[in-house]
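Presented below is the structure to which this report refers.
The values are calculated or read from the model by the stated rules, or taken from the named source; none is laboratory data. Keep in mind that this is a model prediction, so the values were computed, not measured. When we count neighbours, we look across all protein chains shown, and the Cβ atoms used for this are built from the backbone with ideal geometry, even at glycine. Note: areas computed on protein heavy atoms with side chains; ligands, DNA, RNA excluded. Shrake-Rupley method; radii C 1.70, N 1.55, O 1.52, S 1.80 Å.
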Amino acid sequence: MKVLVIGSGGRCHAIVDALTRSSKVSKIYCAKGNAGIALQAECVNIKETDVEALKNFAIENAIDLTVVGPEAALAVGVVDSFREAGLKVFGPTKSAARIESSKEFAKQLMTKYGIPTAGFETFTEFDKALEYVKAHSLPTVLKYDGLAAGKGVVIAETMEEAEAALKDMLLDAKFGEGKVVIEEFLTGPEFSFMCFVSGTDVYPMVLAQDHKRAYDNDKGPNTGGMGAYTPLPFITEEDKAYAYEKVLCATAEAMVKEGCPFTGVLYGGLMKTPSGVKVIEFNARFGDPETEVVLPCLESDIYDIFEAIATGRKIEKIEWSDKAVIGVVLASKGYPGDYEKGYAIENLENVDGKMYHMGTALKDGKIVTAGGRVMIVVCMGDDLKAAQDKVNAEVAKIECENLFYRKDIGSKAFKKI
Ligand code: AMP
Ligand code: GLY
């Protein structure tokens, strides 16, 4: 089978890597890919949002299945367009992807179907929003409604911060015309629960936890994710069963009832609060960097899963390894702010672990940095401590003068919560 993967980051590299382990797959293309993906797939220079060019490529090259990675491609309707052309594609339609692209849609769906989440109100007018914030307790959570590349959430500790954020979002149109969802502030450990979903069929993956802050001990600015690990000792089987039924299955059923059945990966960004598991956000795709630690645990053939989900065929069982896996991201110094590109990355050949490239390029035969997050090193162990010792030792072998990384990925699993 010939497969096209759309995307270019670490998540797509992990998907490509999983596809290379399939006995069904003979050829993998990736649009656009990166220098690491190019070692395992043929990279094609088409933008992930260029729907027509992607569709034409799939037709001309007799692609059997296309897998969509990034949210931007989903939000412009890549899946709808492929389906109309009779092409097999793994991912949600534009309408189903609203669960991620519109916070208001997601919140209203959860309210209507009793799916546990933080209390909220939606506002378009600055004065009314400010009045609401003043009448409620701090901290408060302000979310710009739309895709804001992870930068649309502000947790305001003071009234001044809240007012400034509301001004940005509603008066200065910093993100474009929009709405703000104001949410109750929840506490507890966060975790990511991804499921393969086709209509009301929901197949759970192993749980993972992302590390969004730039520096050790959760200090510094929010990023796209500096590392992830699995399993999560503080989430019990009971918590997982509750989240599976009351959140993931309930949401899949709700989407069917609303006339926009979900196909693809439904990602629950959840929090274990003192009053039970609640939804922080949904994504309509594989999480990044969670995918880079979750897919190495998959023992079933991923092509079979993608194909079954895309065509609505039931899956008997998905097999997962119970190994511990930790991934540590190497990012360019300065990220998530300004950073420089083009630094050579050396000694990769001596690293004993998976290396998924996030932002790299090939220059004069050498791998160089080409993005904020550059690569993720992923190691397995019999338990989290073994995986952490291993990954930290392997990351330290990488030589590049312009990279930094966290040394505490996975440590939250050792703390009592
Ligand atoms: P989101 O983009 O919705 O995932 O929000 C980004 C981050 O903000 C989350 O990962 C949480 O750490 C935090 N956050 C979002 N909503 C809430 C909430 N209602 N209560 C507490 N923290 C939140
Ligand atoms: N790891 C969070 C995300 O993929 O959005």
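List of remarks:
- Dividing the summed helix terms, -39500 (n - 2.57) for each DSSP H run of n ≥ 4, by the number of residues in the chain produces a 222 nm estimate of -7000 deg cm²/dmol to the nearest 500.
- Integer Hz, Karplus 6.51/-1.76/1.60 couplings in order for the stretch 327-337, x for Gly and Pro: x, 10, 8, 9, 10, 5, 4, x, 4, x, x
- Calculated from backbone phi, Karplus (6.51, -1.76, 1.60) coupling profile of the stretch 156-165 in Hz, x at Gly/Pro: 8, 8, 10, 5, 5, 4, 4, 5, 4, 5
- Out-of-range pairs (alpha-carbon distance over 24 Å; input Lys47/Lys107; Lys103/Lys134; Lys246/Lys323; Lys32/Lys354): Lys47/Lys107; Lys246/Lys323
- Convex hull (Cα only) mean projected area of the stretch 13-140, reported in nm² to one decimal: 11.7 nm²
- Intensity falloff of the chain expressed as log10 I(q)/I(0), Debye formula with alpha-carbon point scatterers, at q = 0.06, 0.11 Å⁻¹: -0.23, -0.83
- Qualifying GluC sites (Glu not before Pro) in the stretch 284-371, DSSP loop, other Cβ atoms within 10 Å at most 12: Glu299, Glu316, Glu319, Glu340
- The P(r) of the stretch 95-143 has a tail past 18 Å containing 39 percent of all C-alpha pairs.
- Loop-resident GluC sites (Glu not before Pro) (DSSP state other than H, G, I, E or B) in the stretch 11-82 with no more than 14 further Cβ atoms inside 10 Å of their Cβ are absent.
- To the nearest 10, the accessible area of Asp383 is 80 Å² with a 1.4 Å probe.
- The chain - accessible surface per residue (Å², probe 1.4 Å): 42 Å²
- Size of the stretch 131-272 as Cα extents on the principal axes (Å, biggest first): 44, 41, 27
- Carbon plus sulfur fraction of accessible area for the chain, probe 1.4 Å, in percent: 48 percent
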